[in-house]
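J.: Would you mind keeping the following structure in view while I ask a few things?
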Amino acid sequence: MKTVIVGNGIVALTCALRLAQRGGEVALVGDPARAGSATLAAAAMLNSFAELGPGALATELDHAKLALSREATRRWRELGAEISKVGGLTALGHGTGTYVLDAGDGTFEMITRQLAEAGEPHAIVEAAEVPGYAPARRVARAVRIDGEGWLDPSRVVAALERVLGAAPGVTLIAGIAARLRTAHGALAGVELEGGTVIEGDRYLLANGASVSALLDRSALGVRVQRVRYGIGSTLELRAPVAHTACLRGQGVYSVPRGEHVVIGSTNLVVDAPTADPTAADRIRAAAVAQLDARLADAPLVREHVGWRPIGEDAYPLIGSTSIANLAIASGTRRDGFHLAPVIAAHLADVLTGGPGDPRFALFGPERIAR
Ligand SMILES: Cc1cc2nc3c(=O)[nH]c(=O)nc-3n(C[C@H](O)[C@H](O)[C@H](O)COP(=O)(O)OP(=O)(O)OC[C@H]3O[C@@H](n4cnc5c(N)ncnc54)[C@H](O)[C@@H]3O)c2cc1C
């Protein structure tokens with residue numbers, strides 16, 4: 001059996017790895033320019049409880065997602081050891097220790113309550129104890145979540161590509177999928193810009209925020225939730241003092257990345273890719289005001305811009321579709337980097353005829369947005 005995967009972000013790469021490990025052929029079609037790569041723009045925080053905002057855990061989907069997210073952290077440890085044989089996760093830029101600052105809007109109490117109920121190691125600390133925290137006006141306290149951390153996405157992508165490049169049965173194809181071809185009610189091939197057609201037995205669309213554009217061009221008639229572009233930036237700065245922990249304020253965060261610090265982020269939700277020229281200034285102003293005033297003069301190393309895939313109800317769109325040999329993995333919005341290992345394990349099982357993880361049943365791509 002041959003699976004054709006469209007995309008080359010964290011979701012496509014991890015799905016390719018897990019499918020290849022089950023035998024069979026895998027062809028991965030990815031834009032070599034990685035236009036709009038959310039994966040490379042991500043701060044790559046591996047957060048579960050720190051992600052919870054006001055109104056979180058209101059629905060069944062929220063609870064399922066939190067459980068999957070906690071499992072994803074465990075699975076990253078296994079995946080890191082597999083793809084980086086020397087050094088494991090540490091060689092991929094991993095660190096832990098996430099501080100959520102008390103913004104006074106009730107989120108802090110909600111997060112600490114959830115942490116306590118789940119038995120997740122954490123401590124409430126005074127602001128003065130938070131490493132790297134130095135805004136002009138401090139909040140009083142923060143909660144340190146010991147097990148929540150981050151990775152360096154470019155190192156992870158490089159490691160996955162290295163492993164896939166050497167894996168038997170895997171072909172990495174540099175190209176852009178122009179449209180999907182059908183025959184007798186099933187998918188029959190992916191036509192690339194330039195006309196080459198890549199054929200397989202089953203297909204997985206994991207091309208992030210551009211999934212709806214590809215479906216539109218292909219006129220398949222599947223009613224998948226529309227995915228929009230959440231244009232987001234992160235800034236990688238030379239750190240004025242070493243940052244050793246992830247700090248989370250209101251709509252702004254900082255994450256250590258070697259000698260640099262990554263601050264983020266913005267989210268401009270639109271129907272087609274566009275520029276957000278003031279994003280960098282907005283992020284830096286928020287980070288200076290809320291996290292560390294010394295970041296005002298920190299030299300910019302680069303601005304990363306990526307397109308978050310955002311479905312109509314803002315939950316992931318993962319699983320098979322009413323076209324029997326077509327599956328979709330998109331809609332991961334702001335935590336798809338973290339969730340990738342659980343998505344990959346589930347889809348590798350589903351695509352090889354297994355039942356998959358039942359918690360993903362709620363996230364089918366053709367569900368009606370509530
Ligand atoms: C600023 C920002 C910060 C974020 N921070 C975090 C974080 O801290 N933690 C976290 O877990 N998540 C974070 N996210 C979200 C996370 O990055 C995404 O959920 C995740 O990376 C989505 O992965 P993906 O593989 O689906 O999409 P992408 O990474 O966007 O990959 C899709 C790839 O497919 C390619 N492609 C598109 N169309 C085609 C085509 N037709 N043919 C071939 N190739 C195509 C694209 O060029 C791209 O390289 C962040 C996102 C942004 C933008």
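The values are calculated or read from the model by the stated rules, or taken from the named source; none is laboratory data. Just so you know, these numbers come straight off a predicted model, no measurement behind them. Every residue, glycine as well, gets a Cβ built from its backbone with ideal geometry; the counts of neighbours run over all protein chains shown. Remember, those area values only see protein heavy atoms, side chains included, never the ligands or the DNA or RNA. Shrake-Rupley method; radii C 1.70, N 1.55, O 1.52, S 1.80 Å.
J.: Hey, TRP307 hits all of (1) more than 20 Å from the chain's Cα centre (by Cα); (2) open to solvent by 20 Å² or more (accessible area, probe 1.4 Å); (3) not small (Gly, Ala, Ser) but one; which does it fall short on?
T.: Exception for TRP307: condition (1).
J.: Quick one: ALA64 ticks every box in (1) within 15 Å of the ligand (Cβ to nearest atom); (2) outside any loop (DSSP other than H, G, I, E, B); (3) touching a residue at least 60 places away in the same chain (Cβ under 8 Å) bar one, so which box is it?
T.: It fails just one condition, (1).
J.: List every residue pair whose Cβ atoms sit under 9 Å apart, with the two residues 6 or more apart in sequence or on different chains, where the first one lies in region 19-38 and is basic (Lys, Arg) and the second, anywhere, is open to solvent by 40 Å² or more (accessible area, probe 1.4 Å).
T.: Going by the 9 Å Cβ cut-off, the qualifying pairs are ARG22/THR352; ARG34/LEU40.
J.: What number goes with the only condition from (1) open to solvent by 10 Å² or more (accessible area, probe 1.4 Å); (2) within 15 Å of the ligand (Cβ to nearest atom); (3) hydrophobic (A, V, I, L, M, F, W, C) that VAL163 does not pass?
T.: (2)
J.: For region 53-61, check the following and say yes or no: at least one residue is in a helix (DSSP H, G or I) and over 21 Å from GLY149 (Cα atoms).
T.: Yes; the residues of region 53-61 include at least one that is in a helix (DSSP H, G or I) and over 21 Å from GLY149 (Cα atoms).
J.: Kindly indicate the residue of region 97-145 that is out of contact with any Lys or Arg (no Cβ under 6 Å at 6 or more places or on another chain) and of a type in the set (Ser, Thr, Tyr) and also surrounded by the most Cβ atoms within 10 Å (Cβ to Cβ) among those meeting that condition.
T.: THR98
J.: For region 1-23: of the residues being in a loop (DSSP other than H, G, I, E, B) and under 15 Å from ALA344 (Cβ atoms), which is nearest to the ligand (Cβ to nearest atom)?
T.: GLY9
J.: Next question, about the same structure. Read through the list (1) under 16 Å from LEU40 (Cα atoms); (2) without any contact (Cβ under 8 Å) to a residue 60 or more places away in the chain; (3) open to solvent by 30 Å² or more (accessible area, probe 1.4 Å), then give the number of the only condition that PRO277 fails.
T.: (1)
J.: When you go through GLY24, GLY7 one by one, which is the residue that is in the same structural domain as THR352 (by TED's automatic domain parsing) and at pLDDT below 95?
T.: GLY24
J.: I need the full set of residues from region 24-37 which are within 13 Å of the ligand (Cβ to nearest atom) and of a type outside the set (S, T, N, Q), in order please.
T.: Result: ALA27, LEU28, VAL29, GLY30, ASP31, PRO32, ALA33, ARG34, ALA35, GLY36.
J.: Also: For residues that are among the hydrophobic types (A, V, I, L, M, F, W, C), touching a Leu at 6+ places or on another chain (Cβ under 9 Å) and assigned to a helix (DSSP H, G or I), tally how many sit in region 67-101.
T.: The qualifying residues number 7.
J.: For region 28-52, give me each residue that is more than 17 Å from HIS304 (Cα to Cα) and in contact with an Asp or Glu (Cβ under 9 Å, 6 or more places away or on another chain).
T.: The answer is LEU46, ASN47, SER48, PHE49, ALA50, GLU51, LEU52.
J.: Given the conditions (1) among the aliphatic types (A, V, I, L, M); (2) modelled with pLDDT of 95 or more; (3) surrounded by fewer than 20 Cβ atoms within 10 Å (Cβ to Cβ); (4) within 16 Å of the ligand (Cβ to nearest atom), report the number of the one that ALA91 does not fulfil.
T.: So ALA91 meets the others, but not (4).
J.: Right, ALA81: small (Gly, Ala, Ser), surrounded by fewer than 20 Cβ atoms within 10 Å (Cβ to Cβ), away from the ligand (no atom under 16 Å from the Cβ) and modelled with pLDDT of 95 or more or not?
T.: yes
J.: For region 182-205, which residues satisfy the criterion of being open to solvent by 40 Å² or more (accessible area, probe 1.4 Å) and in contact (Cβ under 8 Å) with a residue 24 or more places away in the chain?
T.: Scanning region 182-205 gives THR182, GLY185, GLU199, ASP201.
J.: Select from region 38-60 the residues that are open to solvent by 20 Å² or more (accessible area, probe 1.4 Å) and within 13 Å of the ligand (Cβ to nearest atom) and write down the one among them that is farthest from LEU92 (Cα to Cα).
T.: My answer is GLU51.
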